[in-house]
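S.K.: Can you read through this structure? Questions will come right after.
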Amino acid sequence: MIQYFIIAAPFGIDPGTYQSLAVIPNYLLVLGAILLWLAFFVLGIIARRYEIVLGEKTNWQFMILAPTGILIFAIIQLVFCGIGGRMMLPKGGINYIAYVFFLLSGFLSLIASMRFYQVTKGG
């Protein structure tokens, strides 16, 4: 069943080794990025409920939109590495775009989480 993911094994290595070194880690990376995005999305929903119940402004919209770069990174990784069968993102600039989206989204998610923490702390 896993053999369906292999298009061709480049670099002169056998398909089993290529699958364990490139295909499976790329799909796990995409799955991890989606789970990370989902965790921040759920945190935004919790902040929305907190705002509705207690009437304190939590900026829950920012918390839901901040991790979008993580999802964009996962899509770029899936297209080039998962579907395209590459081991790494191409060096033509798309790798920098993907990593900038991921980094920016991480900083924005950190800021959103710290703001929500300040609201829940009471400060």
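What follows draws every value from the coordinates through simple rules; no lab data is involved. Just so it is clear, the model here is predicted, and its values are computed rather than measured. So basically every Cβ, Gly included, is an ideal-geometry build from the backbone, and we count neighbours across all protein chains shown.
S.K.: Kindly rank 42-54, 86-98 from highest to lowest mean number of other beta carbons found within 10 Å of each residue.
M.R.: On the way: 42-54: 15.1, 86-98: 13.0.
In descending order of packing, they fall as 42-54, 86-98.
S.K.: May I ask for the percentage of alpha-carbon pairs in segment 17-93 that lie more than 18 Å from each other?
M.R.: 52 percent
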